[in-house]
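So the structure is just underneath, and the comments pick up after that.
The values are calculated or read from the model by the stated rules, or taken from the named source; none is laboratory data. Note that the structure is predicted; figures quoted are calculated from it, not measured. Cβ placement follows ideal geometry from the backbone for every residue including glycine, while neighbour counts extend to all protein chains displayed.
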Amino acid sequence: MRTQVAIIGAGPSGLLLGQLLHKAGIDAIVLERQTGDYVLTRIRAGVLEQVCIDLLDEAGVSERMHKEGLVHGGFDMLFKGERHRIDMNHLTGGKNVMVYGQTEVTHDLMDARKAAGLTTIYEAGNVTVHDFDSASPKVRYEKDGQTHEIECDFIAGCDGFHGVCRASAPRSAIREYEKIYPFGWLGILSDTPPVHHELIYANSPRGFALCSQRSQTRSRYYLQVPLTDKVEDWSDEAFWQELRLRLDPEARARLVTGPSIEKSIAPLRSFVTEPMRFGRMFLAGDAAHIVPPTGAKGLNLAATDVKYLSSALTEFYQEKSEAGIDAYSERCLRRIWRAERFSWWFTSLMHRFPENGEIGQKFQEAELDYIINSEAGALSVAENYVGLPLDFGE
């Protein structure tokens, strides 16, 4: 087989890249080691920045999002038992975010790819990448007991943190930065109405909590828990009881509980790899960076990686210029480090760090008090949360 771009990974970043390239008339094959159904079972983030919304519009896959997504112009910060709203829409001159689950984004991209008759190879085993330091890269994989090879011009590594692409980069050419946080998020998904029409981020003496949602009838809640906790340690009732203890009286009274339809514990980490280009192989999304979910940046960063990459490849094919692909890594990393900083800061602000003692909690409360009483402080939070413009600082 031959294609122009071989995309490894059929998550939202790989599928979005494939869709944008298709719109530009560039041929791409997507390889995925799991089944399509398995990909759709991954429960992930659901807050989309305006830049991500615009990209889905550009890709022609946003119709259902605009019908079913929930536009949020602000969110609440809860500390010392009281909630305070960050009015993002007012502070940023009209910008909002959209609550629309990553699973739904993936579904829309899969449907668009299928409708266009584009090639996606699921259950591709033992994927390996070759000769990406030359003008003739190759991807090999196994399916139905046979080995197949794809010749291509470029390889896009959209295959996640544990994928083959970053692992195949020469160790001497790569540098990795990582911070592991000493806690995880216990998340629960339930078919219950959200406790509030916008998100609530809670800093409590018992630990962080987040009240989020996927629709008017489906809620997503999180609790900060020790890394030693196991999902089976937490019954639904134990989760709801602990969540109540971390909320304010009004939210506690409005909380509707019910059986969980998904429950999991996710560790928190900050991770960045540099660079994101190795010859004719590019990394994008979780293959290159992980952010703690506190700032809702994971999917949004992946989408902007894909925007930069699709633009660079379009420029290569249509204008015979390599300027975009030469600048890809640097452009992405500037944006990534800004988002990593915000996610680290927001995580540090809202979670309990027992080793910091009572004075650590006082520092957090003073910082939160400053944010809600200073327009400059609130603006800094708001503009980072809605997402910095693609050309910020350029």
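Quick look at the numbers
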item: Filter result for Glu49 (touching a residue at least 40 places away in the same chain (Cβ under 8 Å), more than 16 Å from Leu109 (Cα to Cα) and of a type in the set (D, E, K, R)); result: yes
item: Condition met for Ser204 (of a type in the set (Ser, Thr, Tyr) and buried (at least 19 other Cβ atoms within 10 Å of the Cβ)); result: yes
item: Tally of residues being of a type in the set (Val, Ile, Thr), over 30 Å from Asn89 (Cβ atoms) and assigned to a loop (DSSP other than H, G, I, E, B) across region 20-51; result: 3
item: Residues of region 75-103 that turn out to be of a type in the set (Gly, Ala, Ser) and either crowded, with 18+ Cβ neighbours inside 10 Å or more than 16 Å from Ala382 (Cα to Cα) (or both), as a count; result: 2
item: Which numbered condition Arg166 misses (of (1) in a loop (DSSP other than H, G, I, E, B); (2) touching a helix residue (DSSP H, G or I) at 6+ places or on another chain (Cβ under 6 Å)); result: (1)
item: Output for region 288-328, where each listed residue is part of a helix (DSSP H, G or I), in contact with a Phe, Trp or Tyr (Cβ under 7 Å, 6 or more places away or on another chain) and either farther than 30 Å from Trp185 by Cβ or at pLDDT below 95 (or both); result: Pro293, Thr294, Gly295, Ala312, Leu313, Gly324, Ile325, Tyr328
item: Output for region 112-140, where each listed residue is under 27 Å from Val272 (Cα atoms), in contact (Cβ under 8 Å) with a residue 24 or more places away in the chain, in a strand (DSSP E or B) and not aliphatic (A, V, I, L, M); result: Gly125, Thr128
item: Failed item, numbered, when Ser215 is tested on (1) modelled with pLDDT under 95; (2) small (Gly, Ala, Ser); (3) crowded, with 19+ Cβ neighbours inside 10 Å; (4) over 28 Å from Ala28 (Cα atoms); result: (3)
item: Cβ pairs under 6 Å, 6+ apart, first in region 338-361 and free of Cβ contacts under 8 Å to residues at least 24 places away in the same chain and within 20 Å of Pro226 (Cβ to Cβ), second loosely packed, with under 14 Cβ neighbours inside 10 Å and of a type in the set (Asp, Glu); result: none
